[in-house]
Amino acid sequence: MKEEMSSVYSFLDVERKWYDYWLNKDYFHAEVDNSKKPFCIVLPPPNITGSLHLGHALNATIQDILIRWKRMQGYNALWIPGTDHAGIATQMVVERELLKEGKSRWDLGREKFLERVWDWKEKYGNTIVEQLKKLGVSCDWKRFRFTMDEVYSKAVIKAFVELYKKGYIYRGERIINWCPRCRTAISDLEVRYVEESSYLWYIKYPFYDEEGYIVIATARPETMLGDTAVAVNPGDDRYKHLIGKKVILPLVGRVIPIIGDEAVDPSFGTGALKVTPAHDADDFEIGKKHNLDFISVIDEKGFMNENAGKYKGLSVLECRKKIEEDLEKEGFLLKKEVYVHDVATCDRCGTPIEPMISKQWFMKMDNLANPAILAVEEGKVKFIPDRWKKVYFDWMYNIKDWCLSRQLWWGHRIPAWYCNDCGHINVDEKSPDKCENCGSSNLKQDDDVLDTWFSSALWPLGTLGWPEDTEDLKYFYPTSVLSTARDIINLWVARMIMMGLEFKKDVPFYHVYVHPTVLTREGKRMSKSKGTGVDPLDLINKYGADVTRFGLAIQCTEMQDLRFHEENFENTRNFTNKIWNASRFVISNLEDRKYSEVNLEYHLLSLSDKWILSRLQKEIKEVTDHLENYRFSEYVKTIYNFFWNEFCDWYIEMVKPRLSQREDPESRLVAQTILWKVLRDNLKLLHPVMPFITEEIWHKLPESSESIMISSWPITDDTFINEKAEKDMEFIMELIRTIRAIRAEFNISPSDVIKVDFYTLDKEKEILLLGNSGYFSILAKAEINKIDEKKDFKNVVHKVFEDVDLYVNLKGLIDITKEKERIKKELEEAINLKKKIEERLSNEEFLRKAPEHVVEKEKEKLESINKKIRSLEESFSILE
């Protein structure tokens, strides 16, 4: 016999035990097996600087649900984990550590600094991995990849060299986003726009050879030191006659032309634009088009350089203030007005970005983007929900060249060596001994590293062994599904599709599931600094991993945002207790025998037996369909509703008497077999989302294999689907619910048996009710009796269901006078409460100041109290 179940479920005793068991049994590991269909997921690699947040926990839960489900379906399921070296983020962390010692990376030098980063990575880099294990994820840890490990780095360097040889990668001077704090270029997708209230300065630019001036408006007066033109729209009647004239640049004295360009927005400011080609992306394009000079006035640290003249050495903001003072003093400042606009900042550190011209490595994207666009248009890659492909297309249709180089030390160093003798650039997978152009050995490697997203773009390829043509790559590629967040569709998803098509001539995955973003209950982004962040480890420690997973999954709808409600976790904790207690009851009533050998088709089944078996088949079908279509909330809700509402609240209660009937062994065996079957199948259905409790119960169940994880997924058996049994049982349940409600409504003692009369001309209904009268006795403590004609008694509750009239005579069951007094008092209290809520909801100040969810709560209260009043009035009228 199996060991007895404890009276209370403790996740603390269970979770570590079973995770170690799974690891020891090697259940997470997958090798190539041509006899099975592959199912493969790559874990979006978290940064080594990261710790688990709710977004990670949600995404890991989604992926683990899928991988455990497919494993149970018989697929050769592989989930590849790994971490990302996170160039800027990791370097910043280590630099901050050095700062505490009063040092900078420059004091250490590149080699020593990188040793420090590797030391930090070994010490802290796996924090998030250990946290993921606490969540119960079934990743193949034997295949763990790090984007800077030797095997993966080989793939990164190979990709760069191949793309360079094809002419896609080039080095050139262009305007880039520069972060003065991180001291590196960043891509457009790594720029975060933050709303800021600043000013527009209106400045007079005097004409060179005549009286008068033209007024420009700018949000950045400090960059005027690098102006090389004023531009107007040639269609603007106010200015088109000035095109070709010249103006004198205030404070500098440089003579610059007025040019016409259709890129100028006549509605912004005055309609006249100061053109600073070296410090604005749009101005850069205008500058190229009109052959203007490019004058840089801001250096890499965010200070004014030698071209800024007397302002050299000032920070950008100091210079702005000094420029304003000087413009006002010399009569060039017409006015300044408040201006609210979006300021480009570094997504990593929050520092305002400086657009500046720099020599960087770029990748041409057009030839890579076109096949990737086609792959999504033709449905080779499918976004779920479908709306997210618009985000993908919006970026891909307007894609620009990608700035690949970063002025960092931590990362994949660009495999380019400059010949100091002839200037030739040597690009190779290995360090060359001599210049391929002139033969000189006087070579120096480029100091820059590659954008982290370049290496991440190879993740499905590199984790499976590319550039080698491995058996893993042949078997598991393309992977099956990618689950990710919406904010990296362009940063990561699009680039993986491009790289997959470029290097393997196939998409890297077939489905892209974009999960909701976890927000606070008020719909705001979570923030640790503001105290609105929720640590999933706190949830795991408080509720356990199963509850955390289920609580996240039940909120994972097709909406783009998930508002966090801790009540979901409290409700789920109650559900785990229900699962445990129901399982404990069922198992305690089973014997050590093979219930799988009991063929129910050869036994007499009651209505409740037929009903629960039919509902079970539909549950299996619905659950599987929800998973096939990534409806995770519906998946868990379906099980929750079936297990709690149908199995526990109804079927278990209905069969309790049969379990103690030793004189009817067939009925007892049928009840035991069905309880075993329903519990067994529901444990399997639950396992992908609640792996620990299901494994614990599984080992207490007769006929359990060595692990539920490797058991087979339930399959619908259509022979048990019985629509009539479902309809009949639902009708009986509705009557029982009504009788229970009457008992509660009129405070009828739970120990009192109530007599229920029914009248019907429908012979089938009569047979149904009289033939199943036992259910009324068990579940409503009611005796049901047929009468031959409709009656209209005083103090009788009368309800009609389809073509059945139900009568419950209250005389003798309750004290009518006392009950009327009670209802009258409750009615008065309800009416008073209604008035208070209505007053609150008619108060304009309350509606204006109260949070939206508070107002909604009051509206819900009003609706609830109105229902209560109607019910009390109806009850009072019955007793009159």
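Among residues other than residue 121 with Cβ under 12 Å from its Cβ, the summed charge is -3 (Lys and Arg +1, Asp and Glu -1). Think of the chain as having a plus end and a minus end, set by charges on the Cβ of Lys, Arg, Asp and Glu; of 806, 296, 379, 296 sits farthest toward the positive end of this dipole. All distinct Cα pairs of region 137-236 go into the 1/r average, and the inverse of that average, the Kirkwood radius, is 20.0 Å. With the highest mean first, a sort of the peptides 762-771, 361-370 on other beta-carbon atoms found within 10 angstrom per residue produces 361-370, 762-771. Amide hydrogen proximity for residue 47: with H placed 1.01 Å from N in the peptide plane, the residues at 5 or more positions away or on another chain lying under 5 Å are 84.
Couplings 3J(HN,Hα) for region 639-653, derived from phi with the Karplus relation 6.51 cos²θ - 1.76 cosθ + 1.60 (θ = phi - 60°), are 5, 3, 5, 5, 5, 6, 6, 9, 6, 6, 5, 10, 5, 4, 5 Hz, where x marks Gly and Pro. Toward the positive end of the charge dipole of region 543-590, with +1 on the Cβ of Lys and Arg and -1 on the Cβ of Asp and Glu, the farthest Cα among 544, 565, 582 is that of 582. In this structure the chain gives 46 Å² per residue of accessible area when probed at 1.4 Å with all protein chains present. Net length available on complete extension from residue 565 to residue 596 is 7.0 nm, with 0.36 nm assigned per residue and the Cα-Cα distance removed. With only the Cα atoms considered, region 100-166 has a convex hull volume of 147 Å³ per residue. The H on the amide N of residue 801, modeled in the peptide plane, is under 5 Å from the matching H of 806, each at least 5 residues off or on a different chain. Spin-label model, residue 864/residue 506: points 7 Å from Cα along the beta carbon direction are separated by 5.5 nm. The mean sequence distance of close C-alpha pairs (under 8 Å, at least 6 residues apart), as a share of the length of the chain, puts its relative contact order at 12 percent. Distance between the pseudo-spin-label points of residue 25 and residue 715 (7 Å out from Cα toward the beta carbon): 2.2 nm. A Förster distance of 51 Å, applied to the separation of the beta-carbon atoms of residue 241 and residue 192, puts the FRET efficiency at 0.75. In order along region 743-757, the Karplus-derived 3J(HN,Hα) couplings, from 6.51 cos²θ - 1.76 cosθ + 1.60 at θ = phi - 60°, round to 4, 5, 4, 10, 6, 6, 4, x, 7, 7, 7, 9, 9, 10, 9 Hz, and Gly and Pro are given as x.
Given a cut-off of under 8 Å on Cα pairs at least six residues apart, what relative contact order in percent is computed for region 443-556?
For region 443-556, the relative contact order is 20 percent.
P(r) tail for region 662-740: Cα pairs beyond 17 Å make up 62% of the total.
Hey, any idea what % of region 25-107's accessible area is carbon plus sulfur with a 1.4 Å probe? Of all accessible area on region 25-107, carbon and sulfur atoms account for 48 percent.
Ordered by packing density, taken as the mean number of other Cβ atoms within 10 Å over each peptide's residues, highest first, how do 275-287, 502-514 rank?
275-287, 502-514
3J(HN,Hα) along region 133-148: 4, 5, 6, x, 5, 9, 6, 7, 5, 5, 9, 4, 10, 10, 5, 10 Hz, from the Karplus curve 6.51 cos²θ - 1.76 cosθ + 1.60 with θ = phi - 60°, whole Hz, x for Gly and Pro. Ordered from longest to shortest, the equivalent ellipsoid semi-axes for region 415-542 are 41, 23, 13 Å, each the square root of 5 times a Cα gyration tensor eigenvalue. Please work out, to two decimal places, the log10 of the ratio I(q)/I(0) at q = 0.11, 0.15, 0.23 Å⁻¹ from a Debye calculation in which every Cα of region 68-194 carries one identical scatterer. Summing over Cα pairs of region 68-194 leads to -0.63, -1.04, -1.34. Rounded to the nearest 500, the 222 nm mean residue ellipticity of the chain from helices alone is -13000 deg cm²/dmol, with -39,500 (n - 2.57) taken per DSSP H run of at least 4 residues.
A crude spin-label estimate for the pair residue 122 and residue 842, with each label 7 Å from Cα along the Cβ direction, gives 7.5 nm.
Rounded to the nearest 5, what % of the DSSP beta bridges within the chain are antiparallel ones? Percent antiparallel among DSSP bridges in the chain is about 70. Remark on region 62-123: hydrodynamic radius 14.5 angstrom, per the Kirkwood mean of 1/r across alpha carbon pairs.
With the cut-off at 1.5 for a/c, could you classify region 505-604 from its C-alpha gyration tensor as rounded, prolate or oblate? Oblate is the answer for region 505-604, as a/c is 1.5 or above yet b/c matches or exceeds a/b. Packing, as the average of other Cβ atoms within 10 Å across residues, places the peptides 653-661, 409-417 in the order 409-417, 653-661, highest first. Around the amide H of residue 198, modelled in the peptide plane, lie the amide H atoms of 339, 340, 341, all under 5 Å away and 5 or more residues distant in sequence or on another chain. Computed in the context of the full set of protein chains, the accessible area of region 600-759 at 1.4 Å probe radius has 49% of its extent on carbon or sulfur.
When only the Cβ of Lys, Arg, Asp and Glu is charged (+1, +1, -1, -1), the dipole of the chain relative to its Cα centre reaches about 1040 debye. Computed from the alpha carbon positions, the gyration tensor of region 453-505 leads to an equivalent ellipsoid with semi-axes of 20, 12, 9 Å, biggest first. For the residue pairs 301/400; 25/684; 133/504; 618/700; 103/154; 70/656, the alpha carbons lie more than 28 Å apart in 133/504; 103/154; 70/656.
Mean sequence separation of contacting Cα pairs (under 8 Å, at least six apart), scaled by the length of region 718-869, corresponds to a relative contact order of 20 percent.
Centre-to-centre separation between the Cα atoms of region 733-789 and those of region 485-544: 53 Å. Note on the chain: percent of Cα-Cα distances in each 20 Å bin, starting at 0 and stopping at the bin with the largest distance, equals 12, 32, 30, 17, 8, 1.
Over what distance in Å are the Cα centres of region 15-33 and region 169-217 separated? Between the Cα centres of region 15-33 and region 169-217 lies a distance of 55 Å.
Bin by bin, in steps of 5 Å, what percent of the Cα pairs in region 604-733 do you find, going until the bin that has the longest distance? Whole-percent P(r) values from 0 Å outward: 2, 10, 19, 22, 22, 15, 8, 2, 1, 0.
If the Kirkwood radius is taken over C-alpha pairs of region 733-789, then at 25 °C and 0.890 mPa s the Stokes-Einstein diffusion coefficient equals 208 µm²/s. The aspartates and glutamates within cross-link reach of residue 621, meaning a Cα-to-Cα straight distance under 19 Å and a gap of 8 or more places when in the same chain, are 609, 634, 646, 681, 717, 718, 723, 726. Using a probe radius of 1.4 angstrom, the carbon and sulfur fraction of the accessible surface of region 121-234 is 45%. On a C-alpha basis, how far is the centre of region 80-108 from the centre of region 620-656 in Å? Whole number, if you could? Centre-to-centre (Cα) distance: 49 Å.
Net charge in the neighbourhood of residue 320 (other residues with Cβ under 12 Å of its Cβ; Lys, Arg +1, Asp, Glu -1) is -1.
The values are calculated or read from the model by the stated rules, or taken from the named source; none is laboratory data. Note that the structure is a prediction, hence the values are computed from the model and not measured. Methodologically, a virtual Cβ is constructed for each residue, glycine included, from the backbone with ideal geometry; neighbour enumeration extends over all protein chains shown. Surface areas here come from the heavy atoms of the whole protein model, side chains and all, with no ligands, DNA or RNA. Shrake-Rupley method; radii C 1.70, N 1.55, O 1.52, S 1.80 Å.
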